[in-house]
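Only the coordinates and a few stated rules stand behind these numbers; no lab work does. What you see is a predicted model; the values in this text were computed from it and never measured. As a convention, Cβ positions derive from the backbone with ideal geometry for all residues, glycine included, and neighbour counts pool all protein chains shown.
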Amino acid sequence: MKVVLAAIGERARPAFEELAKMYAGRMEAYAEVEVTGYRSEEAFLEAMERQRGRTAPVVVLLDGRGRQMSSEQLAEWLGRQRDEGQQRMIFAVGPANGWSDEARKRAGALLSLGSMTLAHELARVVLCEQVYRAFTILAGHPYHRGS
């Protein structure tokens with residue numbers, strides 16, 4: 001499985017970028033990983049449109065209207081995607097003003113990190129850590145010590 005971690009908008013400050021890269025690097029033990037950015041939602045949607053001819057990826061948008069999951073639930077969902085043969089997952093942190101209705105309609109899933117508002121840069125780090133954590137849960141790795 002390939003996991004793409006995308007961010008829309010301005011590039012993150014170096015400290016945030018380093019943390020995201022650290023978790024993405026750890027994730028490579030479990031999946032092929034790509035960390036990328038797009039200058040705008042429009043550029044992101046155009047890139048998704050160009051991939052239509054391929055095996056369609058599951059596009060997961062981080063959105064306040066999305067489903068909240070525990071780490072274990074995210075792991076279970078990600079494992080189910082993997083087990084059903086899904087080859088590519090794209091997780092995207094949206095633009096500062098949120099996703100358009102059009103983007104939400106095109107998404108395979110909407111995911112919320114919680115009811116609190118997070119800085120865009122921080123949301124990206126939390127996303128990277130949680131996807132990494134999901135893979136460690138699936139692998140039975142001791143990183144996750146949840147209930």
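Here the condition is being aliphatic (A, V, I, L, M), assigned to a loop (DSSP other than H, G, I, E, B) and either without any contact (Cβ under 8 Å) to a residue 12 or more places away in the chain or closer than 18 Å to residue 135 by Cα (or both); of 118, 111, 74, it holds for 118 alone. Once the range 80-93 is narrowed to residues that are of a type outside the set (D, E, K, R) and surrounded by 17 or more Cβ atoms within 10 Å (Cβ to Cβ), the residue that is nearest to the chain's Cα centre (by Cα) is 91.
Here is a yes/no grid of residues against (1) within 15 Å of the chain's Cα centre (by Cα); (2) surrounded by 13 or more Cβ atoms within 10 Å (Cβ to Cβ):
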position	(1), (2)
44	yes, yes
47	no, yes
50	no, no
57	yes, yes
62	yes, yes
65	no, no
69	yes, yes
75	yes, yes
78	yes, yes
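A single entry from 96, 123 fulfils the requirement of being out of contact with any strand residue (DSSP E or B) (no Cβ under 7 Å at 6 or more places or on another chain) and either part of a helix (DSSP H, G or I) or not aromatic (Phe, Trp, Tyr) (or both): 96.
Which one of these is surrounded by fewer than 18 Cβ atoms within 10 Å (Cβ to Cβ) and assigned to a loop (DSSP other than H, G, I, E, B): 12, 29? Every option except 29 fails the conditions. One residue stands out among those in the range 126-146 that are out of contact with any Ser or Thr (no Cβ under 9 Å at 6 or more places or on another chain) and in a loop (DSSP other than H, G, I, E, B): the one that is farthest from residue 80 (Cα to Cα), which is 145.
Looking at 103, 96 in this structure, which one is crowded, with 17+ Cβ neighbours inside 10 Å, more than 16 Å from residue 129 (Cα to Cα), over 12 Å from the mean Cα position of the chain (by Cα) and touching a residue at least 60 places away in the same chain (Cβ under 8 Å)?
Details: 96 fails: crowded, with 17+ Cβ neighbours inside 10 Å.
Just a single option satisfies the conditions, and that option is 103.
Among the residues making up the range 35-63, those that are over 15 Å from residue 8 (Cβ atoms) and not in a helix (DSSP H, G or I) are 51, 52, 53, 54, 55, 56, 57, 58. Residue count for the range 115-145, restricted to those that are buried (at least 16 other Cβ atoms within 10 Å of the Cβ) and among the aromatic types (Phe, Trp, Tyr): 2. Just to be sure, is residue 24 surrounded by 14 or more Cβ atoms within 10 Å (Cβ to Cβ), of a type outside the set (Val, Ile, Thr) and part of a helix (DSSP H, G or I)? So residue 24 passes the test.
Can you confirm whether residue 4 is in a strand (DSSP E or B), under 23 Å from residue 132 (Cα atoms), of a type in the set (Val, Ile, Thr) and in contact with a helix residue (DSSP H, G or I) (Cβ under 9 Å, 6 or more places away or on another chain)? Judged against the criteria, residue 4 is not a match.
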